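Presented below is the structure to which this report refers.
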Amino acid sequence: MVKYNCLNPIADIGLNLFTEQYVKTDAIDEAEAVLVRSAAMHDLELSDNLCAIARAGAGVNNIPLDKCAEKGIVVFNTPGANANGVKELVVAGLMLASRDLVGGMNWVKENKEDANIAKTMEKAKSKFAGKEIQGKKLGIVGLGAIGVLVANAANRLGMEVYGCDPFISVEHAWNLSRDIKYVKTREEIFRECDYISVHVPLLDDTRQMINKDTMATMKDGVVILNFARDLLVNDDDMAEALASGKVGKYVTDFPNAKTANMEGVIAFPHLGASTAESEDNCAVMAVKEIVDFMDNGNIKNSVNYPSCDAGICASEGRIAINHRNIPNMLSQFTTVFAAENINIDNMVNKSRGDFAYTVIDIAASSTQTLVEKLTAINGVLKIRVVK
């Protein structure tokens, strides 16, 4: 029996995938698995029972990743599950920035009492004239699940699309339209494009990547769209660029006290993944990740441990070991099994940075003595008998 806890409401379409072997608990200290969306976990006491956390979404800023890794807790996210919802909002932002639809709608509201509005609007509408996006250059920085969808959608709308991502995956590369112009550096996108949309994680290399210096290399009147992270943009530099006209519009899904008061900003209240479909997709993916991990010991889409697929166990037993990525660990494991006169049928070992994960299929049932001996090895963080 596996106990799980939901720190936030999770869509039933996902929770219904749990079998009768899974029981929901309101006590997080009893849970072996936790499902979370936006709840802050940094100050929570994480019990030794906890084996996995699944974030129903992409960002994991609300989860203490290093602390979890040290305790042998695997943290999952759901990349791509909300990609279509974000893509559609990016396209909407692109349209709003090109055609002054917001200004036009506000004018109608302000003049709704005008009995002659049908005539006066013909004189007023020139204030809200915009540009068509067809034939314009759009640069995508970051070709992950969302970036690829935005690039393909813009291409179908007749834009000339540039893309940049030095770490693009094989899967995303296959999904990218052949019409997209792949460039090696984001600096080329900054120089060439009329519209720039950023879809990268917040890293040391990307923090405030949109700043006074990079905007100086861009075209006058460039439109910048940020549906990834607010800290990718230097707000003070953006205010100056908007005031000078260097940046025509800044579209963001992350308003703050500064950007919410800037002229030339089109801001949404973090609506990117706020669709029923996205929430359902995230819930389904998160639950599937938890089930595959708890039932089989497999890891997919973890943000603090390596991916590891050992399939479904056909042996008598399976043990999963979270440990430090240091020399001589595997030989110590095999020595313990040999001392217990247990044959190893199969072993999968993967590493990621300072941490590693090993799944061992054995030709006998696990014993308490076996578990205790493995646990006693220096560098082992958590042992779990999967089968």
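Rule-based calculations on the coordinates, nothing more; no lab input. This structure is a prediction, so every number in the text was calculated from the model and none was measured. For neighbour counting, all protein chains shown are included, and Cβ atoms are generated from backbone atoms with ideal geometry for every residue, glycine included.
Brief remarks follow.
- Taking the Cα centre of segment 306-387 as origin and assigning +1 to Lys and Arg Cβ atoms and -1 to Asp and Glu Cβ atoms, the resulting dipole is close to 260 debye.
- Of every Cα-Cα pair in segment 306-387, the percent that sits beyond 17 Å: 39
- Within straight-line reach of LYS112, meaning a Cα separation under 20 Å, sit the following lysines at least 8 residues removed in sequence or on another chain: LYS123, LYS125, LYS127.
- Summed residue charge, Cβ within 15 Å of GLY130's Cβ, Lys/Arg positive, Asp/Glu negative: +3
- Nearby aspartates and glutamates by direct alpha-carbon distance to LYS71 (threshold 12 angstrom, same-chain neighbours under 8 apart not counted): GLU45, ASP48
- Under Stokes-Einstein, with the Kirkwood radius over Cα pairs as Rh, the value for the chain at 37 °C and 0.692 mPa s is 139 µm²/s.
- For the pair GLU45 and GLN368, label points projected 7 Å from Cα toward Cβ lie 2.6 nm apart.
- Sites ASP213 and ASN62 - FRET efficiency at Förster radius 45 Å, r taken between beta-carbons, to 0.05: 0.90
- Contour excess over end-to-end distance, with Cα ends at VAL102 and THR334 and 0.36 nm allotted per residue: 76.9 nm
- In percent, rounded to a whole number, the relative contact order of segment 306-387 is 46, using alpha-carbon pairs under 8 Å and six or more apart.
- Student exercise, the chain dipole from Lys, Arg, Asp, Glu Cβ charges, in Debye to nearest 20: 1000
- Cross-link partners for LYS300 among the lysines, with Cα-Cα distance under 16 Å and sequence neighbours closer than 8 places in the same chain left out: LYS288, LYS350.
- Calculated FRET efficiency for the pair LEU202/ALA129, C-beta based, R₀ 25 Å, to 0.05: 0.10
- Scoring 178-188, 55-65 by mean Cβ neighbours within 10 Å over their residues and listing the highest first yields 55-65, 178-188.
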